[in-house]
Amino acid sequence: MLEFFRWLVNSPWSHVMNSYEWVFPAIQSLHFMGFAMSIGTIAIVDFRLLGLGMRGQTPAALAAGLEPWTRVGIAVMLTTGPLMFSTDAVAYHANPSFQFKMVCLMLALLLHFTLHRRAVQPGAPPIAGKLAAATSLLLWTAVVAGGRMIAFI
């Protein structure tokens with residue numbers, strides 16, 4: 001893996017990211033916007049499942065209406081993240097905060113595209129929705145916290 005990370009650091013997109021002082025912050029800003037869009041829309045559905053808002057819509061209708069925005073946010077996040085990672089892949093790979101973020105991200109995405117989708121469907125037991133929502137909020141919060149700590153560890 002280390003050889004792949006070294007290759008990644010020397011890739012053309014990594015050179016572009018590292019060659020201009022404004023490119024990394026611009027990509028990072030897009031990354032944050034993607035996170036805000038995806039996590040924000042997921043959190044709205046989670047709060048609905050917990051009974052804390054948007055009671056005028058069913059969880060299924062709310063999730064269906066927000067799904068395109070969630071997908072765009074996830075796509076932006078999963079495009080910009082690897083670009084930022086490529087700038088110093090060897091160091092990021094060894095960073096405990098980065099490792100924590102990646103594990104939480106994998107679990108959050110897995111939960112979102114499996115159990116969470118079932119929990120919003122009509123007829124799903126309310127306790128399943130509450131557990132899925134609480135777990136989702138916890139995992140996405142951990143992803144953000146892990147990402148924020150990367151620069152400090």
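Key figures for this structure:
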quantity	calculated
Qualifying helices (runs of 4 or more DSSP H) (wholly inside the range 70-153; at least 1 residues being basic (Lys, Arg))	96-112, 115-119, 126-149
Counted residues, the range 86-116 - those being within 15 Å of the chain's Cα centre (by Cα) and either modelled with pLDDT of 95 or more or surrounded by fewer than 17 Cβ atoms within 10 Å (Cβ to Cβ) (or both)	17
Filter pass, ILE27 being over 16 Å from TRP69 (Cβ atoms) and open to solvent by 20 Å² or more (accessible area, probe 1.4 Å)	yes
Some residue of the range 70-85 being more than 24 Å from SER29 (Cβ to Cβ) and at pLDDT 95 or above	no
Residues satisfying the stated conditions in the range 45-65, i.e. surrounded by fewer than 20 Cβ atoms within 10 Å (Cβ to Cβ) and either assigned to a helix (DSSP H, G or I) or within 19 Å of the chain's Cα centre (by Cα) (or both)	PHE47, ALA60, ALA61, ALA64, GLY65
So ALA134, is it among the small types (Gly, Ala, Ser), touching a residue at least 12 places away in the same chain (Cβ under 8 Å) and over 23 Å from PRO68 (Cβ atoms)	yes
Of all residues making up the range 68-82, the number that are open to solvent by 40 Å² or more (accessible area, probe 1.4 Å) and within 22 Å of PRO122 (Cβ to Cβ)	3
Residue within the range 80-91 that is over 19 Å from ILE150 (Cβ atoms) and among the acidic types (Asp, Glu) present	no
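The values are calculated or read from the model by the stated rules, or taken from the named source; none is laboratory data. It should be emphasised that the depicted structure is a prediction, and the values quoted were computed from it without experimental measurement. Cβ coordinates were reconstructed from backbone atoms using ideal geometry, including for glycine residues, and neighbour counts include every protein chain displayed. The protein model used for the area step is the full one, side chains on, heavy atoms only, and it has no ligands, DNA or RNA in it. Shrake-Rupley method; radii C 1.70, N 1.55, O 1.52, S 1.80 Å.
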